[in-house]
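The values are calculated or read from the model by the stated rules, or taken from the named source; none is laboratory data. Computed from a predicted structure; not experimentally measured. Positions of Cβ are backbone-derived with ideal geometry, glycine not excepted, and every protein chain shown enters the neighbour counts. Accessible surface areas use protein heavy atoms only, side chains included; no ligands, DNA or RNA. Shrake-Rupley method; radii C 1.70, N 1.55, O 1.52, S 1.80 Å.
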Amino acid sequence: MKKTFRLWGGVLLALSAGAGALADTRLDSLASDPRVTEDLDIIWIYPNKALDYQDTADFRLNNSAAPSNYTYGFGSAGSAAVTSNQYEWGGVLDGKQKDIGVLGVYVNRPFVPIYGTVYGEYWRPVGGTTAWAFGAPPGDKVDLFWAQSYGSSNLGLRLSYGSEQNSDTDYAQTAGLSVGLGFTGEGAFNEADFHADYSLGAFQNGAIKGDGIYSADLGALLRHDMDADDNLRLFGDLGLDQYQDTSGTGGFNQTLVTLGLGLNHAVGGGKGLLSTGLVAQSRAANTFYNAMVGWNGSAEAPLADWLVLRAGLFKPVLDQLTSGGVTSDPTAPNTVVFTLGAGFHWENFSLDTRFLLKTLEDSLINFEPGNGIAFSETSGGTPIVSLVEVDLRYLF
């Protein structure tokens with residue numbers, strides 16, 4: 001028990017040596033997607049799935065709004081601006097009021113998340129682009145959730161709002177509604193979920209105003225349980241984005257079609273997991289066309305009651321871009337993404353981490369006995385691994 005407390009404390013101390021903001025840490029450690037590998041971040045596509053993750057306090061100790069020169073630093077990195085804006089985000093999903101349903105609130109969600117793989121986003125900037133003539137995209141976001149079950153079906157809603165005020169007249173705002181509907185049964189698919197989302201954006205920056213900014217999405221996720229330990233997941237999504245302003249330049253339109261499948265195998269009665277997925281996406285915009293196919297494989301295994309190790313591999317099978325009449329492959333040859341992370345559990349707390357792989361590889365090459373796993377015991381020393389992403393959760 002003392003060793004557990006020492007390691008837990010060491011990991012908490014290591015939060016000052018981590019990195020930029022991605023999506024869900026567990027998923028990024030597995031190089032996966034919530035539609036392939038079930039995880040809490042599925043609520044951003046299907047708000048009805050908040051029922052499966054109720055009674056959770058969720059803290060994301062990073063945010064994609066962090067300056068790029070602090071790519072590997074959590075929250076404050078020394079400058080006054082960053083110190084006053086820690087950039088963390090998170091929320092609570094409360095299911096204690098059974099008659100009402102699950103109620104939830106998240107604050108400070110990034111306008112654009114950064115992903116560990118190139119799978120299709122499970123949220124995008126409103127309008128499909130950050131190149132708003134307003135400058136800074138709307139911040140100060142709040143997302144409100146409600147979900148309730150009705151026998152073998154369930155319904156969920158998410159309302160989102162973001163705003164940024166630069167002066168008495170200059171502002172930017174976003175507002176959106178997401179609907180999720182789920183069914184369970186014993187047919188060909190043991191679970192079927194459907195979603196529809198619509199978001200609007202508006203801004204004024206001097207004489208320039210928004211003149212048509214929106215994003216719309218439709219999608220479905222089907223799960224077939226082959227046996228007690230194996231399931232197949234099929235999903236598809238259609239997204240439409242438009243950004244226009246009164247300047248007459250910078251207009252952007254795109255259509256996204258995403259299709260995918262996932263296979264998941266539970267190990268040791270659900271204590272471990274093997275997962276693989278294949279996702280294809282077509283992105284047709286007014287300035288380019290991009291076709292992508294990606295494959296991932298993931299493994300998750302407990303090493304002790306309080307420790308879970310995760311590893312993932314992602315390979316862009318196809319990534320072809322056509323722009324200005326020229327077709328190219330923007331992905332360098334032999335590109336592959338390998339990810340590694342660990343989860344630490346103590347009573348109702350869980351701490352999910354993702355490692356900066358280069359530090360682990362350097363430590364294996366230049367092994368120094370006495371180094372801490374994720375922190376250094378000596379001033380100026382180098383830990384065996386550095387953390388690039390951390391989520392802290394509490395189940396109540």
*State all residues of the stretch 154-201 that are aliphatic (A, V, I, L, M) and more than 25 Å from the chain's Cα centre (by Cα); if no residue qualifies, say none.*
A188
*How many residues, within the stretch 337-360, are outside any strand (DSSP E or B) and modelled with pLDDT under 90?*
4
_L200 vs. criteria open to solvent by 30 Å² or more (accessible area, probe 1.4 Å), over 30 Å from Y161 (Cβ atoms) and among the aliphatic types (A, V, I, L, M)_ = no
*Quick one: A147 ticks every box in (1) without any contact (Cβ under 8 Å) to a residue 60 or more places away in the chain; (2) not in a loop (DSSP other than H, G, I, E, B) except a single one, so which number is it?*
(1)
*Out of N205, N190, report the one residue that is within 22 Å of K49 (Cβ to Cβ) and not hydrophobic (A, V, I, L, M, F, W, C).*
N190
*Can you name the number of the only condition in (1) charged (D, E, K, R); (2) in a strand (DSSP E or B); (3) open to solvent by 70 Å² or more (accessible area, probe 1.4 Å) that D227 fails?*
(2)
_Filter result (part of a helix (DSSP H, G or I) and modelled with pLDDT of 75 or more) within the stretch 363-396_ = L364, I365
*Only one of E88, E38 is farther than 30 Å from T184 by Cβ, acidic (D, E) and at pLDDT below 95; which?*
E88
*Mind checking which residues of the stretch 253-275 are under 30 Å from L303 (Cα atoms), open to solvent by 40 Å² or more (accessible area, probe 1.4 Å) and either assigned to a strand (DSSP E or B) or touching a His at 6+ places or on another chain (Cβ under 9 Å) (or both)?*
L261, L263, H265, V267, L274
*State all residues of the stretch 177-197 that are buried (at least 22 other Cβ atoms within 10 Å of the Cβ) and either on the phi > 0 side of the Ramachandran plot or of a type in the set (G, A, S) (or both); if no residue qualifies, say none.*
S178, G180, G182
_Please go through the stretch 312-338 and give me each residue that is more than 24 Å from D28 (Cα to Cα), of a type in the set (V, I, T) and open to solvent by 60 Å² or more (accessible area, probe 1.4 Å), ordered by number._
V326, T327
*Give me a count of the residues in the stretch 154-210 that are assigned to a strand (DSSP E or B) and either touching a residue at least 60 places away in the same chain (Cβ under 8 Å) or of a type outside the set (A, V, I, L, M) (or both).*
37
*Does the stretch 101-115 include one or more residues that are open to solvent by 40 Å² or more (accessible area, probe 1.4 Å) and of a type in the set (K, R)?*
no
*Test each condition in (1) open to solvent by less than 50 Å² (accessible area, probe 1.4 Å); (2) out of contact with any helix residue (DSSP H, G or I) (no Cβ under 9 Å at 6 or more places or on another chain); (3) not in a strand (DSSP E or B) for W123 and report the one that comes out false.*
(2)
*Residues of the stretch 281-306 satisfying the condition of being touching a Gly at 6+ places or on another chain (Cβ under 9 Å), part of a strand (DSSP E or B), open to solvent by 30 Å² or more (accessible area, probe 1.4 Å) and in contact (Cβ under 8 Å) with a residue 24 or more places away in the chain*: R283, A299, A301, P302
